[in-house]
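The values are calculated or read from the model by the stated rules, or taken from the named source; none is laboratory data. Model, not experiment: these values are computed from the prediction. Cβ: placed from backbone, ideal geometry, glycine included. Neighbour counts: every protein chain shown. The accessibility values were calculated without ligands, DNA or RNA, using every heavy atom of the protein model including side chains. Shrake-Rupley method; radii C 1.70, N 1.55, O 1.52, S 1.80 Å.
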Amino acid sequence: MRLILVGPPGSGKGTQAKLLGKRLGAAHISTGDILRKAKEAGTPAGKRAAPFLASGQLAPDDLVNEVVAELFHRDDRPEHFVLDGYPRTVAQAASLEAVLRQQFMNIESVIILLVHDEEIVERLRDRRTCPVCSSPYHLKNKPPKVPGICDMDGATLVQRLDDKEETVRQRLKFYHELTEELIPFYQRQGLVREVRAEGDIEKVYKDIEQVLKHQAGPAC
Ligand code: AMP
């Protein structure tokens, strides 16, 4: 399985990508997670990404493309993967295509997660995240067992700077202006399927699974 999940911030891409990866045996690749970890580690890429991570603006294409290309040039590159948050622009999609072609790989499916903007604002305002394992929680819909503490590793949960309401609205604007251009780009390749992502996590997962079952991607 070689899948791209596209959706606005807070549409559940991370949650679904994690589940798909675990249950279907594919690597979960989140450029947001990679950049946040690089920032914490103080690498050159992390230092360059830091102001974009804080403001919710998209990091420059060349920076994100390099991070992804590096991952696919490694000997332990994933054969099967779910991309979460990449590509986010048509320029990134073109770079990804070139990188994968070098490895004789292709994208088999692109799933668009559909959620209304106001629902997104509400979801992200109340989202809390584990800074260690990136597990997402929601104060009302998916609270941790112990308030403020990650169920997985006991770390203290944080609100991501870019989950503040004003920043969320800005991120939605970037999504509509830049990332949605990916839809016609991948539609031309016959890869796009849409899934409504406003319900329960397991229901959305089942809908994605259904869509994948009925879609035979082009041969590699
Ligand atoms: P995410 O965790 O996917 O919401 O990403 C968090 C932040 O990381 C974004 O708001 C951007 O600043 C940066 N980022 C992650 N992926 C990309 C990407 N593909 N292109 C540009 N910036 C990105």
Give me D for the stretch 1-66 in µm² s⁻¹, whole number, from Stokes-Einstein with Rh from the Kirkwood sum over alpha-carbon pairs, 20 °C and 1.002 mPa s.
-> 166
Give LYS22/LYS203; LYS39/LYS173; LYS145/LYS213 a once-over and call out the pairs whose C-alpha atoms are over 26 Å from each other.
-> LYS145/LYS213
Counting only DSSP beta bridges with both residues in the chain, tell me the antiparallel percent, nearest 5.
-> 25
Scalar couplings 3J(HN,Hα) for the stretch 170-179 by Karplus 6.51 cos²θ - 1.76 cosθ + 1.60 (θ = phi - 60°), nearest whole Hz, x for Gly and Pro, are 5, 5, 5, 4, 4, 4, 5, 7, 10, 6
What ratio of Cα Rg to 2.2 N^0.38 Å holds for the chain?
-> 0.97
How would you rank 29-36, 136-143, 90-97, highest first, on the average number of other Cβ atoms within 10 Å across their residues?
-> 29-36, 90-97, 136-143
Ranked by how many other beta carbons lie within 10 Å on average, peptides 100-113, 148-161 from highest | 100-113, 148-161
For the chain, what % of the accessible area comes from carbon and sulfur atoms, probe 1.4 Å?
-> 55
Taking a crude spin-label model, label points 7 Å out from Cα along the C-beta direction, the GLN187 to ALA98 distance in nm is 2.6
